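Some notes on the structure that comes next.
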Amino acid sequence: MVVTGPEGTSRNPDSAVVARMSSSGHLQSVVGGLEMKRRIWYSVLFAAVVVARMGSAQEASVAAPLQTAEPVAVSWLQLVMNGASDEAFDAASPLFQQRVRKLEWGSWVRAQQPRLAAIGPRRVVGTSYSKDESYTPPVEWANINYASDLPAGGILYQRFTLVRQLPSDWEVADYSLSKDARSALTSAYFDVIPYNSALLGYGYFPLHQRFVRRVAPRQAPPAPPPPRNIVLPKRPPT
């Protein structure tokens, strides 16, 4: 049915109803889309907050042991720089004591003392932390790297590996010195620490400054016993 309007135009009331219904459905679809986008945005925001909190908690769990390990490394190094080699040796971990003789360590400290006293302030250039859960209680490892400017040019790196097994405190398990390429062209030098090559049950990777347990080779299981010879009873003569 066609109805003539006041201006003489014709319009179909059914089409007007359909138009109103279609416009209402379009509005509902737009509102539904916005609601879906809002829910997705809230979900993404919630996931980001959870991940950020997990990351910050993990960083805090790693930073806390390092904050307690660094003062031990600094105090131990101060003993070395003051020439107190015996005190430094006694305060170190048995892992350190097993790798160098006390007499040779004292000679090295006395020779390096004036050279260490001349370097610039230390700055932390790297840290790492790990825990070995195979022990009870677990064994914790901390690696701290320092860098100092040398008077004649170049940089001296001092690397520490500390270990602890609660309730014991951190102890120095390894200490090493190295220089950058620039210092090789100057008169700055340091003697090599007289470490022993044997490590009494530990393997050592100088590049990473870590100790790792040597796993004993597994023994092959014993061979099964040979099968028994089954002897059937003889039948009696018939």
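No value in this document is a laboratory result; all are computed from the given coordinates. In this text, all values refer to a predicted model and were calculated from it rather than measured experimentally. Methodologically, a virtual Cβ is constructed for each residue, glycine included, from the backbone with ideal geometry; neighbour enumeration extends over all protein chains shown.
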Listed by chain and number, the residues whose amide H is under 5 Å from that of LYS179, excluding neighbours fewer than 5 places away on the same chain and using placed H, are TYR157
Note, region 105-112: 3J(HN,Hα) by Karplus (6.51, -1.76, 1.60, θ = phi - 60°), whole Hz, Gly/Pro = x, goes 5, x, 5, 5, 5, 5, 6, 8
Counting sequence-distant residues (5 or more places) and residues on other chains, those with an amide H built under 5 Å from that of VAL100 are ASN196
Applied in sequence order to region 138-143, the curve 6.51 cos²θ - 1.76 cosθ + 1.60 (Karplus, θ = phi - 60°) yields integer Hz couplings, x standing for Gly and Pro, of x, 9, 10, 10, 9, 10
The answer for ALA173, listing residues at least 5 apart or on another chain whose modeled amide H is closer than 5 Å to its amide H, is SER93, THR161, LEU162, VAL163
Rounded to the nearest 0.05, FRET efficiency between SER130 and GLU104 (Cβ-Cβ, R0 25 Å) equals 0.25
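For ALA152 and ASP86, what is the calculated FRET efficiency with R₀ set at 35 Å and r taken between the beta-carbons, to the nearest 0.05?
Details: r = 30 Å, r/R0 = 0.86.
Using R0 = 35 Å, I get an efficiency of 0.70.
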Final fewest-first order of MET36, MET81 on the 10 Å Cβ neighbour count is MET36, MET81
